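Below: one structure, written as structure tokens.
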């Protein structure tokens, strides 16, 4: 994944255009991608390799190595073979850095397509840079509302160059409500929503949790937005205890949840269900919590048991996860499937685009995508808004199975094609 030098100090598109217009000499034409023996399509990739969101990128090296192998023989487009080059950069879990490296990929590395994943902190600034610079962009690993409305998207207008696939808040809310449908649990919920793009979306009175929870008969105690990387959750814990809270939910980064859960134990707060988005996705986080990780629950985007296969390699979800575990010695993580699926979409688009030299033609191919991927169907004709398509979501619980923590799907109410693996067990 090395960077190629610019062509004579001009952008590739500018150079190709000027060379063609001037009917340049054969010596110059040899440098033009349009006349190269095997032209190259450059793909920019941004994810949080370091920082508090690094768990989302834990499998990046393995997935990218597999993708580069799959792309080893190139991609056929209109009867011609194209090399694929991937240039990957670290957002450092910082929106400003994500914007900076996206700009570098577009303006300096001159990528033809840019992809990004892992929460609004990376996805949104990368998408914004792509939109401004007219670069086709495909993203995932972020609920669609903070992606779309967090970028001031208008449902009847949408965006021109930026496209996203993932589930939405309506899906996570529906999955959580199904998860909490237990006869031994009261309908009193405590909300932990940080003052960031995800937290503000999840806690939004209309688009987030408050309205549907109320409609479903739940009473929500929301102490207000807390600052990420907070070291004191006493106010929230006191509010939950005072309200008789039996269910805790929200969207947190792993360090914040670890702090909250430790202080909850110290202060004698013992909810019956704890279902937290983002923080509880990763085996490493659960392992770090020791016995207090047993019984925690979260949304589940993807598992080795999902009944899907890769359109790029033919691997099943189980084979992709097993390959990662065998190569790294680490447990599988949910982002594996979505990181792989990003490049499934890229490969499909690269094969179908009428002209890989033309960003507008690439965007047309993205818009026309109807692809069965390792995370489910990707089809931007279905909405729910322009530039967004949804993937299936279930929910479940971390359970101790013979001394090993296992993420068990306990409800598939919104995606019955994905098998359930067990029943929810209330916290002790």
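The values are calculated or read from the model by the stated rules, or taken from the named source; none is laboratory data. The structure presented is a predicted model; accordingly, all values stated were derived computationally and were not measured. No Cβ is skipped: glycine too gets one built from the backbone with ideal geometry, and neighbour counts run over all protein chains shown.
Tabulated values for the structure
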| item | result |
| --- | --- |
| Flag for residue 178 being part of a helix (DSSP H, G or I) and in contact (Cβ under 8 Å) with a residue 12 or more places away in the chain | yes |
| Total residues in the stretch 52-86, condition under 23 Å from the mean Cα position of the chain (by Cα) and either over 30 Å from residue 254 (Cβ atoms) or surrounded by fewer than 16 Cβ atoms within 10 Å (Cβ to Cβ) (or both) | 8 |
| Test: residue in the stretch 179-193 that is more than 21 Å from residue 127 (Cβ to Cβ), in contact with a helix residue (DSSP H, G or I) (Cβ under 7 Å, 6 or more places away or on another chain), surrounded by fewer than 16 Cβ atoms within 10 Å (Cβ to Cβ) and at pLDDT 95 or above | no |
| Which numbered condition residue 149 fails, given (1) in a helix (DSSP H, G or I); (2) under 29 Å from residue 105 (Cβ atoms); (3) without any contact (Cβ under 8 Å) to a residue 12 or more places away in the chain | (3) |
| Residue match in the stretch 133-140 (condition: farther than 18 Å from residue 345 by Cβ and surrounded by fewer than 24 Cβ atoms within 10 Å (Cβ to Cβ)) | yes |
| Selected residue (criterion: nearest to residue 183 (Cα to Cα)) from residues of the stretch 399-419 that are free of Cβ contacts under 8 Å to residues at least 24 places away in the same chain and not in a loop (DSSP other than H, G, I, E, B) | 408 |
| Residue satisfying condition, being in contact with a strand residue (DSSP E or B) (Cβ under 8 Å, 6 or more places away or on another chain) and in a loop (DSSP other than H, G, I, E, B), within set 396, 422, 428 | 422 |
| The one condition in (1) under 24 Å from residue 420 (Cα atoms); (2) assigned by TED's automatic domain parsing to the domain that holds residue 65 that residue 350 fails to fulfil | (1) |
| Residues being on the phi < 0 side of the Ramachandran plot and free of Cβ contacts under 8 Å to residues at least 40 places away in the same chain - total across the stretch 292-315 | 2 |
| Selection count, the stretch 231-257, where residues are under 28 Å from residue 120 (Cα atoms) and surrounded by fewer than 17 Cβ atoms within 10 Å (Cβ to Cβ) | 5 |
| Residue in the stretch 94-115 that is in contact with a helix residue (DSSP H, G or I) (Cβ under 9 Å, 6 or more places away or on another chain), assigned by TED's automatic domain parsing to the domain that holds residue 366, buried (at least 19 other Cβ atoms within 10 Å of the Cβ) and without any contact (Cβ under 8 Å) to a residue 12 or more places away in the chain present | yes |
| The stretch 200-217: number of residues that are touching a residue at least 12 places away in the same chain (Cβ under 8 Å), more than 20 Å from the chain's Cα centre (by Cα) and either in the same structural domain as residue 147 (by TED's automatic domain parsing) or not in a loop (DSSP other than H, G, I, E, B) (or both) | 3 |
| Filter result for residue 130 (within 30 Å of residue 204 (Cα to Cα), without any contact (Cβ under 8 Å) to a residue 40 or more places away in the chain and buried (at least 24 other Cβ atoms within 10 Å of the Cβ)) | yes |
| Filter pass, residue 148 being out of contact with any helix residue (DSSP H, G or I) (no Cβ under 8 Å at 6 or more places or on another chain), surrounded by 24 or more Cβ atoms within 10 Å (Cβ to Cβ) and closer than 27 Å to residue 302 by Cα | yes |
| Residues of the stretch 219-250 satisfying the condition of being farther than 23 Å from residue 196 by Cα and either touching a residue at least 40 places away in the same chain (Cβ under 8 Å) or part of a helix (DSSP H, G or I) (or both) | 241, 242, 243, 244, 245, 246 |
| Of all residues in the stretch 304-314 being within 20 Å of the chain's Cα centre (by Cα) and within 12 Å of residue 341 (Cβ to Cβ), the one that is surrounded by the most Cβ atoms within 10 Å (Cβ to Cβ) | 306 |
